[in-house]
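Everything on this sheet refers to the single structure shown next.
The values are calculated or read from the model by the stated rules, or taken from the named source; none is laboratory data. Everything numeric here is computed off the predicted structure, so don't read it as measured data. Reconstructed Cβ throughout: ideal geometry from the backbone, glycine too, with neighbour counts over all protein chains shown.
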Amino acid sequence: MRRPGRLGFTDDDLIPGGSDRLIDALIAWGDLDAVATRIHEHLDAGADHVALHVLRPDGPDRPALPLPQWRDLATLLPSFASTPATP
């Protein structure tokens, strides 16, 4: 982040790993309802694209791809069908 002050952040927010405030601002985390709420917040603020990436700890018992999480996220898609696109 080049100018964190422009976005309301300070150098303290850019500590290694990021401050809780920075992470909460950038990462939609929690259950599906919490993620859907954050997506709607971005769209309501004028975003016309929202990229989602599943973040999870790696482990030998985890498959290479987060297929269950992708399936869960896919169930949210109908709730965004009525969101008007920004011209």
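Remarks
- Pick from segment 25-48, criterion surrounded by fewer than 14 Cβ atoms within 10 Å (Cβ to Cβ) and touching a residue at least 40 places away in the same chain (Cβ under 8 Å), ranking: farthest from the chain's Cα centre (by Cα): Gly46
- Just one of (1) modelled with pLDDT of 90 or more; (2) on the phi > 0 side of the Ramachandran plot fails for Thr37. It is (2).
- Qualifying positions in segment 59-87 - surrounded by 10 or more Cβ atoms within 10 Å (Cβ to Cβ), closer than 17 Å to Arg38 by Cα and at pLDDT 75 or above: Gln69, Trp70, Asp72, Leu73, Thr75, Leu76, Ser79, Phe80
- Qualifying residue in segment 7-24 (condition: of a type outside the set (A, V, I, L, M), outside any helix (DSSP H, G or I), touching a residue at least 12 places away in the same chain (Cβ under 8 Å) and surrounded by 12 or more Cβ atoms within 10 Å (Cβ to Cβ)): yes
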